[in-house]
Amino acid sequence: MEYVTNKTLEKLKYDLVRDGLISYEDIEKAAELAVSQNVNIGQILIKSNLITEEALLKFLETKLHIPYVDLKDYTLDTRCLKYINFNDARKYKIIPLFKIENVLTVAMADPLDLFAIDKIVEKTGCEIEPVVSAENLVLKKIEEYYDSDSSIGQIKIENEETVFDWQEDLHNDVLSDEHIQILIRSILKQAILSNVHELFFEHVPNGLSVNFRINSEIINTGQIPSVLVVPFISKLKSLSSLDTTICELPQLGKLIFKVDDIVLTASISAFPTINGERISLKIYKPPKKLNEIGLSENQINIVKSQMETPGIVLVCGSSLSGKTHIVYSILSEIACLKKNIMTIESIAKYNLENVNQCELNENIGFNIEKAMRFIEFQSPDIIYFEGITSKTALDYFSSLVYKNKVLITEFLADNIADLIKKLSYNDFEMFKILISCIIFVHNSDRIEVFDKNDLKRFTGI
């Protein structure tokens, strides 16, 4: 459990020594442990009983001249939730408390996170007055207050009948924000009940068609009428932190919502067409332990052993087979290793403890080429990158194996024969030689793991 983020404590850690709260030796040891374990230095200080949480927060209050607020029994003004959406609240670990005139007071785990403050100022148009609070309490309040206010609300499917039609919630004479949220919630509910992980919203002459991808086929499940199209798309984009005023350029965002008591993530892609924006949504389930997804003990040992030896771990399968879910399960499992684990992703599906996740952002010029130029300065031991996007990227990441890196990536293949055929192309010559392990996801019930010996024996790779 995190208490205060590194931006604040890194700036003030030696003030703890000067104030006689912690010895120099202890702060240096805590800093080393924080780096080696890739955790918050505040966690190390508190868990090592070097300082109490209360003393640490009071220290920050004094040094930063920012008030400390104990959120444990705090009741915030729910009218202020509209200023910060659920996604931003979780992302920046920030929650609004109250508003007086044009000043919005917010509780933050990291009051020196100026980037977060600038973003909130930009979106709200308010002046921001931060107070400091324990991070675990900020996150707890976010989960408590955003269930049914600024997010789409909690989707209930526990003990739900399997037959469900989102269109039953479509017919409502009242055009309201609440009605739009009900629609979004109902569509997602039907998708989850139908075990659908990808859905599309496409403009048609009289509205917006809602399509599910089922077994590689796109099935139309109904149509949102024209009168609701603009508010529906606007609400979906705002919940995903997309710019609602832009429709001529592609945008990529993330929607976080709750199903029963489980937090799910969906990536949202808005893409301009001659008929209007096409919205694509992919739902990702939280990662599970490797032994919970059908891997045997021997398979788990093979996967873990590959993390100790330079090479490429290739996670293969057809579209929507669950490749990303497997990767996240692997990353969660190996996060306890004393290694620098880094990711390069278009969207971070879930926040993984002890993993340095990196989101590409074309809007500010941070693309895969820029990531390739600078990631080595971070001295990663294990790198996950989503997929092979170009020959240049393929060759670069392959070359990192010669620098003692372990690479994890995904590869689209419908079956083993398709995989062998694709890897036989000349572009994959060096890449293929460096593969140390292949995890083939046939479906959620059948996953095969091949080590180097298996690859030679069964696939000729």
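The values are calculated or read from the model by the stated rules, or taken from the named source; none is laboratory data. Quick caveat: nothing in here was measured; it's all calculated off a predicted structure. Here the Cβ is made from the backbone with ideal geometry for all residues, glycine too, and neighbour counts use every protein chain on show.
Here the range 175-190 is the region considered, the condition is being within 12 Å of LEU255 (Cβ to Cβ) and of a type in the set (Val, Ile, Thr), and the residue that is surrounded by the most Cβ atoms within 10 Å (Cβ to Cβ) is ILE187. The set of residues in the range 228-242 being modelled with pLDDT of 90 or more and either small (Gly, Ala, Ser) or on the phi > 0 side of the Ramachandran plot (or both) consists of SER234 alone.
Pull out all pairs, ordered by first then second residue, where Cβ-Cβ is under 9 Å, the residues are six or more apart or on different chains, the first lies in the range 14-35 and is touching a residue at least 24 places away in the same chain (Cβ under 8 Å) and part of a helix (DSSP H, G or I), and the second is exposed (fewer than 14 other Cβ atoms within 10 Å of the Cβ) and of a type in the set (Ser, Thr, Tyr). Qualifying pairs under 9 Å: ASP26/SER48. Which of the residues that make up the range 94-124 are at pLDDT below 85 and not in a helix (DSSP H, G or I)? Scanning the range 94-124 gives ALA109, ASP110, PRO111, LEU112, ASP113. Determine whether the range 100-108 contains at least one residue that is touching a Leu at 6+ places or on another chain (Cβ under 6 Å), touching a residue at least 12 places away in the same chain (Cβ under 8 Å) and of a type in the set (Gly, Ala, Ser). The answer is yes; a qualifying residue exists. Got at least one residue in the range 4-16 being surrounded by fewer than 20 Cβ atoms within 10 Å (Cβ to Cβ), of a type outside the set (Gly, Ala, Ser), modelled with pLDDT of 80 or more and not assigned by TED's automatic domain parsing to the domain that holds SER332? Yes, the range 4-16 contains a residue that is surrounded by fewer than 20 Cβ atoms within 10 Å (Cβ to Cβ), of a type outside the set (Gly, Ala, Ser), modelled with pLDDT of 80 or more and not assigned by TED's automatic domain parsing to the domain that holds SER332. Checking each residue in the range 224-234 for being crowded, with 19+ Cβ neighbours inside 10 Å and not aliphatic (A, V, I, L, M) picks out only PHE232. In the range 155-180, the residues that are modelled with pLDDT of 70 or more reach residues that are of a type in the set (Phe, Trp, Tyr) with C-beta atoms within less than 8 angstrom, at least six apart or across chains, in these pairs: ILE155/PHE257; ILE180/PHE232. Of all the residues in the range 220-263, those that are part of a strand (DSSP E or B), more than 16 Å from PHE200 (Cα to Cα) and out of contact with any Lys or Arg (no Cβ under 7 Å at 6 or more places or on another chain) number 5. Checking each residue in the range 268-294 for being small (Gly, Ala, Ser) and under 17 Å from LYS254 (Cα atoms) picks out SER269, ALA270, SER280. Need the failing condition index for ILE184 against (1) assigned to a strand (DSSP E or B); (2) without any contact (Cβ under 8 Å) to a residue 60 or more places away in the chain; (3) within 23 Å of TYR284 (Cβ to Cβ), just the number. For ILE184, the failing item is (1).
Return the residue satisfying two criteria in turn: it lies in the range 367-408 and is among the basic types (Lys, Arg) and more than 18 Å from LEU331 (Cβ to Cβ), and of such residues it is surrounded by the most Cβ atoms within 10 Å (Cβ to Cβ). First the steps, then the outcome.
Filtering the range 367-408 down to residues among the basic types (Lys, Arg) leaves 370, 373, 391, 403, 405.
After this cut, where a residue has to be more than 18 Å from LEU331 (Cβ to Cβ) as well, the list is 370, 373, 391, 403.
Working: LYS370: 14, ARG373: 10, LYS391: 11, LYS403: 9.
Per the criteria, the residue is LYS370.
Elements of the type strands (runs of 3 or more DSSP E) sitting completely within the range 403-461 and holding at least 1 residues that are out of contact with any strand residue (DSSP E or B) (no Cβ under 8 Å at 6 or more places or on another chain): these cover 435-443, 446-451. Among the residues examined, PRO67 does not qualify as within 26 Å of ASN351 (Cα to Cα), in contact (Cβ under 8 Å) with a residue 12 or more places away in the chain and touching a helix residue (DSSP H, G or I) at 6+ places or on another chain (Cβ under 7 Å). Pairing residues of the range 284-312 that are surrounded by 13 or more Cβ atoms within 10 Å (Cβ to Cβ) with residues that are of a type in the set (Phe, Trp, Tyr) and assigned to a loop (DSSP other than H, G, I, E, B), at Cβ distances under 8 Å and at least 6 apart in sequence or on separate chains, gives TYR284/TYR350; PRO286/TYR350; PRO287/TYR350. For the range 41-81, the tally of residues that are surrounded by 14 or more Cβ atoms within 10 Å (Cβ to Cβ), farther than 30 Å from ASN102 by Cα and among the β-branched types (Val, Ile, Thr) stands at 4. Does LYS323 satisfy the condition of being crowded, with 21+ Cβ neighbours inside 10 Å, in the same structural domain as LYS370 (by TED's automatic domain parsing), basic (Lys, Arg) and in contact (Cβ under 8 Å) with a residue 12 or more places away in the chain? Yes; evaluated as a whole, the condition is true for this residue.
From the residues in the range 89-99 that are within 15 Å of ASP118 (Cβ to Cβ) and surrounded by 19 or more Cβ atoms within 10 Å (Cβ to Cβ), which one is farthest from the chain's Cα centre (by Cα)?
Taking the candidates together, the pick is ILE94.
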